[in-house]
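Shown next, in structure tokens, is the structure this report addresses.
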Amino acid sequence: MSNIVVLGTQWGDEGKGKIVDLLTPSFDVVARYQGGHNAGHTVHVRGAKIVLHLIPSGILHPGTLCVIGNGVVLDPKAFLEEIEVLKKAADIRPDNIAVSACAHLIFPYHRLVEKFSEESLGERKIGTTCRGIGPAYEDKAARRGIRAGDLLDLDVLKEKITANVGEKNAFFLRHGLPELSAQAIYEEYAGYAAAMRSYIQDVSRLLDDKIMSGSSVLFEGAQGALLDVDHGTYPFVTSSNSTAGGACTGLGVGPTKIDAVLGVTKAYTTRVGAGPFPTEILDETGKIIGKRGDEFGATTGRPRRCGWFDAVAVTYACRINGIEKVAITKPDVLDGFEEIQVCTAYKYKGSVLRGFPAESWILDKVTPEYRRVPGWKQPVHGAKEWADLPQAFKDYLRLLEDLTETQAVLVSTGVERNATVLWDEALEGLLDLAAIRQNGRPRS
Ligand code: GDP
Ligand code: IMO
Ligand code: MG
């Protein structure tokens with residue numbers, strides 16, 4: 001079977017967790033390539049809800065190797081806590097989770113720097129998850145970061161923590177903030193080192209060995225393409241490359257090893273935090289979508305901003321990721337709407353723009369052009385077959401496909417694995433459909 005990247009085509013929370021969990025039986029390995037515990041990926045398995053932050057969403061399948069790449073920033077405390085939570089739901093052993101020795105670590109000073117930076121920005125704040133993600137990537141780029149591999153030698157760890165805390169304390173002092181104790185942080189992290197040791201590996205080599213011996217890999221994106229630090233709505237973005245290229249740099253895997261990129265696309269749009277959002281619905285309809293879609297951040301609990309489907313944004317996301325096939329999620333949230341709107345173009349200063357503008361300050365001022373389409377009377381919620389879907393929904397789907405020049409190969413119609421419609425012909429050769437189907441439908 002193929003190696004594929006699965007990533008979100010909007011501003012995150014497209015339902016990647018559900019899709020990755022659903023598709024995992026077709027793969028031997030699931031590998032996260034960027035972000036950190038800013039992500040919140042929700043998976044429902046037979047009534048139980050599990051939210052994954054750092055550990056790949058394939059973990060609920062026994063026998064699947066779950067890999068965390070060098071492109072991820074890892075908070076060891078969050079990682080070890082997540083393992084403890086998951087032990088109740090999954091068979092967690094050090095040989096089914098691998099963490100790259102080159103993954104940068106998050107320290108308590110990263111969260112403090114971020115809090116200070118967000119507060120200083122006042123009304124211009126990004127609305128980050130305050131998990132220390134951005135400052136950890138800053139230290140990585142500044143070449144002073146501390147990596148998972150540094151946990152393997154406590155003398156090296158101590159030296160690096162002392163140097164970093166020294167620099168950060170100078171910053172805290174300048175801004176009238178309390179200083180931190182390097183010794184206390186060292187002791188805390190030396191404790192994590194003992195627990196982390198068995199997970200730390202050369203992930204690039206591990207994946208190469210797996211791929212060369214015929215194993216298939218699902219590369220799991222976190223956040224969404226429009227939150228990518230280079231291609232997203234900068235500066236209202238996260239600090240990593242959530243786009244498909246991040247799978248190569250974030251795991252040490254060459255592009256020739258990747259066969260396809262599957263986009264996960266919500267049937268409408270949401271965004272958490274600040275930043276331009278052309279199709280945001282500010283009236284009661286937005287609130288109704290938020291309520292029906294349970295649109296509250298899986299990490300911070302913040303209400304997500306809701307809006308209509310934005311074909312300009314999704315077309316752009318598909319172009320920069322080479323996406324030809326998409327999984328459409330959450331159309332059931334629109335069940336019962338009399339009329340649904342889809343943004344087909346942006347107008348700026350009286351002219352229609354050619355595509356998605358690179359400048360956030362332009363995106364902030366565009367006027368979306370909408371196509372109004374009738375809603376569907378019969379619900380799509382829980383549908384499992386194409387025949388179960390109402391014609392008006394099929395027309396909506398065709399419109400999204402035409403506007404974004406993609407093919408919808410899967411429709412998710414609810415939170416559970418088996419609330420899914422799969423298109424066999426379009427997925428043939430890409431996925432092991434029999435394995436996925438068996439997984440979706442309880443065996444007994
Ligand atoms: P992720 O970050 O992309 O993994 O998405 P989140 O887990 O943050 O948010 C998606 C939410 O939608 C979760 O609560 C999922 O359980 C839920 N969800 C996923 N697919 C569907 C679907 O097809 N229908 C409905 N109603 N909910 C879904
Ligand atoms: P998943 O993987 C939605 C947003 C934050 C903020 C911006 C920067 O669940 O889709 P950060 O803490 O990353 O520096 O915050 O990015 N953000 C997300 N929004 N889903 C996510 O992850 C997100 N991860 C970060 O709200 O606007
Ligand atoms: Mg999420």
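Rounded, prolate or oblate: which fits the stretch 1-140, taking a ≥ b ≥ c as square roots of the Cα gyration tensor eigenvalues, rounded meaning a/c under 1.5, else prolate when a/b beats b/c? Numbers along the way, then the final one.
Numbers: a/c = 1.90, a/b = 1.66, b/c = 1.14.
Prolate, because a/c is 1.5 or more and a/b exceeds b/c.
Per residue, the accessible area of the stretch 1-95 comes to 28 Å² when a 1.4 Å probe rolls over the protein heavy atoms.
So if each residue of separation counts as 0.36 nm, and I subtract the Cα-Cα distance between LYS394 and GLU119, what length gain in nm does that give? Display every interim value, and only then the final one.
Numbers: separation 275, 0.36 × 275 = 99.00 nm, distance 4.63 nm.
Extra length from LYS394 to GLU119 when fully extended: 94.4 nm.
Between the Cα long axis of helix 182-196 and the first principal axis of the chain there is an angle of about 60°, rounded to the nearest 10. Shape class for the stretch 309-388: oblate, because the ratio a/c of the largest to smallest gyration tensor axis (alpha-carbon atoms, square roots of eigenvalues) is 1.5 or more and b/c is at least a/b. Each part reduced to its alpha carbon centroid, the stretch 230-260 and the stretch 19-60 end up 18 Å apart. Between the Cα long axis of helix 203-212 and the first principal axis of the chain there is an angle of about 50°, rounded to the nearest 10. Here the gap between ARG302 and LYS347, fully extended at 0.36 nm per residue and compared with their Cα-Cα distance, gives a gain of 13.2 nm. Between 0 and 90 degrees, the angle of helix 154-174 with respect to the longest Cα principal axis of the chain falls at about 80 degrees. Can you compute the label reach from ASP283? Point 7 Å from Cα along the Cβ direction, backbone N cut-off under 17 Å, restricted to the stretch 331-373. Counting only backbone N, you get 337-343, 368-373. Highest GNM mean-square fluctuation among VAL45, VAL411, VAL314, for the chain modelled with Cα contacts below 10 Å: VAL45. Cα centroid separation, the stretch 379-398 to the stretch 302-369: 21 Å. For THR269, the amide hydrogen comes within under 5 Å of the amide hydrogens of GLY307, TRP308, PHE309, counting only partners 5 or more places away or on other chains and with H modelled in the peptide plane. Our estimate of slack between GLU338 and ASP153, defined as 0.36 nm per intervening residue step minus the Cα-Cα distance, is 60.3 nm.
Between HIS175 and TYR370, the modelled labels are 4.1 nm apart [label points 7 Å from Cα along Cα→Cβ].
The phi-based Karplus calculation (6.51 cos²θ - 1.76 cosθ + 1.60; θ = phi - 60°) puts the 3J(HN,Hα) values of the stretch 123-128 at 5, 8, 4, 7, x, 6 Hz, whole numbers, x for Gly and Pro.
In terms of its C-alpha gyration tensor, the chain has an oblate overall shape, because the principal axis ratio a/c (a ≥ b ≥ c, square roots of the eigenvalues) is not below 1.5 and a/b does not outweigh b/c. The residue list GLY286, ALA298, VAL326 was ranked by how far each Cα lies along the charge dipole of the stretch 255-329 toward its positive end, using unit charges on Cβ atoms, and ALA298 comes out on top. Under a model in which nothing but the beta-carbon of Lys, Arg (+1) and Asp, Glu (-1) is charged, the chain shows a dipole of about 460 debye around its Cα centre. Ligands, DNA and RNA left out, the accessible area of the chain computed with a 1.4 Å probe is 51% carbon and sulfur.
Given a 1.4 Å probe and the protein chains as shown, ASP153 ends up with an accessible area of around 70 Å². A helix-only calculation puts the chain at -9500 deg cm²/dmol for mean residue ellipticity at 222 nm, using -39500 (n - 2.57) for each DSSP H run of at least four residues, averaged over all residues. Of the residues PHE337, PHE393, PHE309, the one that moves most in a GNM of the chain with alpha-carbon contacts below 10 Å is PHE337.
The values are calculated or read from the model by the stated rules, or taken from the named source; none is laboratory data. Computed from a prediction, not measured in an experiment: that's the story for all the values here. Neighbour counts are summed over all protein chains in view; Cβ atoms, including those assigned to glycine, are modelled from backbone coordinates with ideal geometry. All accessible areas refer to the heavy atoms of the entire protein, side chains included, with ligands and DNA or RNA removed. Shrake-Rupley method; radii C 1.70, N 1.55, O 1.52, S 1.80 Å.
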